[in-house]
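The values are calculated or read from the model by the stated rules, or taken from the named source; none is laboratory data. In this text the structure is predicted, and so the values were computed from the model without any measurement. All Cβ positions, glycine included, derive from the backbone under ideal geometry; neighbour counts span all protein chains shown. Remember, those area values only see protein heavy atoms, side chains included, never the ligands or the DNA or RNA. Shrake-Rupley method; radii C 1.70, N 1.55, O 1.52, S 1.80 Å.
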Amino acid sequence: MTAPASMGDGNKSRGGVVYKDKSKPTDVRHSNINAAKAVCDAIRTSLGPRGMDKMIQSSNGEVTITNDGATILKQMNVIHPAAKMLVELSRAQDVEAGDGTTTVVVIAGALLNAAEKLLSRGIHPTAISESFQRAASHAVEILTSISTPIQLDNREQLVKSASTSLNSKVVSQQSSLLAPLAVDAVLKVVEPGREQVVSLTDIKVLKQIGGTVEDTELIEGLVFPQRIANVNGPKRIEKAKIGFIQFCISPPKTDMDHNVVVSDYAAMDRVLKEERTYILNIVKQIKKAGCNVLLIQKSILRDAVSDLALHFLDKIKCMVIKDIEREDVEFVCKSLGCRPIASLDHFTPENLVTAELVEEIGVGGSRMVKITGAQNAGKTVTLLVRGSNKLVLEEADRSLHDALCVIRCLVRKKALIAGGGSPEIELALRLAALADKKEGIDAICLRAYANALEIVPFTLAENAGLNPIQTVTELRNRHAKGETSAGINVRKGTISDILEENVVQPLLVTVSAISFATETVRSILKIDDI
């Protein structure tokens, strides 16, 4: 640890002798590791199908009930910088794989625990860090070798893995219904030949209070959560011609604040007349193009549609849906295959799109507009999530997001591994066997890494109320006999072949969990001063 004297405050030059404070880096490391372990312990109990849920009250008094690791950590206000790294870690896992956000933090905590023991034996942090890196790359190779490849047309397997992801959530009762929905949604938006770029932005999840989670449905087409803006226009239009405009049908405003003082009635009349002709001109153009459904983007400065304009649009029997959010514009355009029309001059028949049916539907006490059968529809799909109250609704939305991510992982990397703590035990055994062949510090670090991975089955057993030590020992025993897919069956409280129980997860989830956790632990070990 000797270093040149130019390193800063740590080295006080006293009469030419470099005085170095050895205790500071160790203290900093200890405090970092302890902070990160505290975060890990807070989240550990929510792992697995029998995991507990957390109730989080945010600063503005809103209450969230969730089981999703990333959500819990996002809502917790963590002060310590090292603990913040774990929050970032679970967010990275959420972006990359979508599921396994709790697992990744638990593994990181276990690795830090192992590293702390190795540090106390006097092993240099860089040596530990290097060994962990090697161990992680071995682990990824082992995982790939025990995985089973799948085909995307094997819908049953996809549904199984989605329901595994849903089982640890609050909505696990409805997993038999939500899992097929998630699978269908993702398969609808996959473009053949371009599986790598499947993006979840093409799946719009609309939340609607009312009904139960079982009423959740998949809608091919487009749903707007607003009601129709018309007063007494049509409520249902078949063979609709849809125009999507980004300008306003209301009297124009100047750029500055202004007051017009009108003294005589004639002038006032003229103002109104101008306004009327202006709007009539727009409406005539709309009618000429043959448009009978008008989507209007939300305007910040003024009303997108004035009452007068609505009156005229009613007369030409044109349905109006206004206040479409900025961020939904891209989605709407992709779903309908249209381009937004930015000015009146471009409002021509060729810029309109046709759809089979546009109608207003009543969903749980509120009205929505649904567009189906668009002519050249893009690959998008809408999921309408229902829930009896806000907390359930939010949680159903998050769980569904995890399930969608799981299917997306399978589309990207078509391989499955068993769940229920079985891959982790297999890794632990194989890495320990590898450690026996190495020598020196490397072997010690490898064995510590292998033992740390056992925390996942250990926590699973602990949360399920089984005896963790006994369960993990038996699990290790079964794997040593060569049963690579033996895992903890949480429902029956025993150890069984987990593939027969249909507990499966994508390879990508576990691989990214292990590599992300290792990276984070390495960067925490490298820090020696705050």
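Would you confirm whether any residue within region 165-174 is over 21 Å from residue 68 (Cβ atoms) and open to solvent by 20 Å² or more (accessible area, probe 1.4 Å)?
Scanning region 165-174, I find no residue that is over 21 Å from residue 68 (Cβ atoms) and open to solvent by 20 Å² or more (accessible area, probe 1.4 Å), so the answer is no.
Can you name the number of the only condition in (1) without any contact (Cβ under 8 Å) to a residue 24 or more places away in the chain; (2) closer than 30 Å to residue 429 by Cβ; (3) not assigned by the TED database to the domain that holds residue 447 that residue 141 fails?
So residue 141 meets the others, but not (3).
Go through (1) in contact with a Leu (Cβ under 8 Å, 6 or more places away or on another chain); (2) among the hydrophobic types (A, V, I, L, M, F, W, C); (3) farther than 17 Å from residue 414 by Cα for residue 177 and report which single condition fails.
Failing condition for residue 177: (1).
Within region 225-262, track down each residue that is open to solvent by less than 20 Å² (accessible area, probe 1.4 Å) and either in contact with a Phe, Trp or Tyr (Cβ under 8 Å, 6 or more places away or on another chain) or outside the structural domain of residue 328 (by the TED database) (or both).
Once the filter is applied, which keeps residues that are open to solvent by less than 20 Å² (accessible area, probe 1.4 Å) and either in contact with a Phe, Trp or Tyr (Cβ under 8 Å, 6 or more places away or on another chain) or outside the structural domain of residue 328 (by the TED database) (or both), region 225-262 yields 243, 245.
Considering only residues that are acidic (Asp, Glu) and in contact with a strand residue (DSSP E or B) (Cβ under 8 Å, 6 or more places away or on another chain), which ones fall in region 433-476?
Hit for region 433-476 is 474, nothing else.
Residues checked against (1) closer than 27 Å to residue 335 by Cα; (2) polar (S, T, N, Q); (3) in contact (Cβ under 8 Å) with a residue 40 or more places away in the chain:
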residue: 214; (1), (2), (3): yes, no, yes
residue: 220; (1), (2), (3): yes, no, yes
residue: 240; (1), (2), (3): yes, no, yes
residue: 244; (1), (2), (3): yes, no, yes
residue: 251; (1), (2), (3): no, no, yes
residue: 261; (1), (2), (3): no, no, no
residue: 282; (1), (2), (3): yes, no, yes
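Is it the case that residue 276 is in the same structural domain as residue 343 (by the TED database), open to solvent by 90 Å² or more (accessible area, probe 1.4 Å) and in contact (Cβ under 8 Å) with a residue 12 or more places away in the chain?
Considered against the rule, which asks whether it is in the same structural domain as residue 343 (by the TED database), open to solvent by 90 Å² or more (accessible area, probe 1.4 Å) and in contact (Cβ under 8 Å) with a residue 12 or more places away in the chain, residue 276 comes out as yes.
What are the pairs with Cβ atoms under 6 angstrom where one residue, in region 111-130, is within 14 Å of residue 518 (Cβ to Cβ) and the other, located anywhere, is modelled with pLDDT of 90 or more and among the charged types (D, E, K, R)? Sequence gap at least six, or different chains.
Hits for this filter: 129/522.
Where in region 469-530 are there strands (runs of 3 or more DSSP E), lying fully within it, with 2 or more residues that are in contact with a helix residue (DSSP H, G or I) (Cβ under 8 Å, 6 or more places away or on another chain)?
Correct list: 486-489, 504-506.
Looking at 446, 429, can you tell me which residue is farther than 14 Å from residue 146 by Cβ, at pLDDT 90 or above and outside any loop (DSSP other than H, G, I, E, B)?
Step by step, each of 446, 429 is checked, and only 446 is farther than 14 Å from residue 146 by Cβ, at pLDDT 90 or above and outside any loop (DSSP other than H, G, I, E, B).
Take residues that are on the phi > 0 side of the Ramachandran plot and over 18 Å from the mean Cα position of the chain (by Cα) and tell me which of the strands (runs of 3 or more DSSP E) falling wholly in region 179-253 contain 1 or more.
Those strands (runs of 3 or more DSSP E) span 236-245.
What pairs come up if the first residue lies in region 417-435 and is touching a residue at least 40 places away in the same chain (Cβ under 8 Å) and on the phi < 0 side of the Ramachandran plot, the second is of a type in the set (Ser, Thr, Tyr) and outside any strand (DSSP E or B), and their beta carbons are under 6 Å apart, counting only those six or more places apart or on different chains?
Close Cβ pairs (under 6 Å, with a partner that is of a type in the set (Ser, Thr, Tyr) and outside any strand (DSSP E or B)) amount to 417/147; 418/485; 419/164; 422/485; 423/510; 426/484.
Of the residues in region 304-322, how many are out of contact with any strand residue (DSSP E or B) (no Cβ under 6 Å at 6 or more places or on another chain) and either buried (at least 16 other Cβ atoms within 10 Å of the Cβ) or assigned to a helix (DSSP H, G or I) (or both)?
The qualifying residues number 8.
Taking the condition of being surrounded by fewer than 19 Cβ atoms within 10 Å (Cβ to Cβ) and among the aliphatic types (A, V, I, L, M), how many residues in region 344-362 meet it?
3
Which condition does residue 395 not pass, out of (1) within 29 Å of residue 211 (Cα to Cα); (2) surrounded by fewer than 20 Cβ atoms within 10 Å (Cβ to Cβ), if it passes all the others?
Condition not satisfied by residue 395: (2).
Tell me which residues, restricted to region 229-260, are touching a Lys or Arg at 6+ places or on another chain (Cβ under 7 Å) and not hydroxyl-bearing (Ser, Thr, Tyr).
Passing the criteria: 229, 233, 234, 248, 253.
For residue 66, state whether it is buried (at least 17 other Cβ atoms within 10 Å of the Cβ) and in contact with an Asp or Glu (Cβ under 8 Å, 6 or more places away or on another chain).
Taking the combined requirement at face value, the residue satisfies it.
Out of all the residues in region 108-130, is one or more touching a Leu at 6+ places or on another chain (Cβ under 7 Å), open to solvent by less than 40 Å² (accessible area, probe 1.4 Å), part of a helix (DSSP H, G or I) and closer than 30 Å to residue 197 by Cα?
Within region 108-130, one or more residues are touching a Leu at 6+ places or on another chain (Cβ under 7 Å), open to solvent by less than 40 Å² (accessible area, probe 1.4 Å), part of a helix (DSSP H, G or I) and closer than 30 Å to residue 197 by Cα.
Conditions (1) of a type in the set (Asp, Glu); (2) open to solvent by 10 Å² or more (accessible area, probe 1.4 Å), marked per residue:
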position	(1), (2)
421	no, no
447	no, yes
451	no, yes
462	yes, yes
466	no, yes
486	no, no
497	yes, yes
508	no, yes
513	no, no
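Against the condition farther than 19 Å from residue 217 by Cβ and out of contact with any strand residue (DSSP E or B) (no Cβ under 7 Å at 6 or more places or on another chain), how does residue 344 come out, does it pass?
yes
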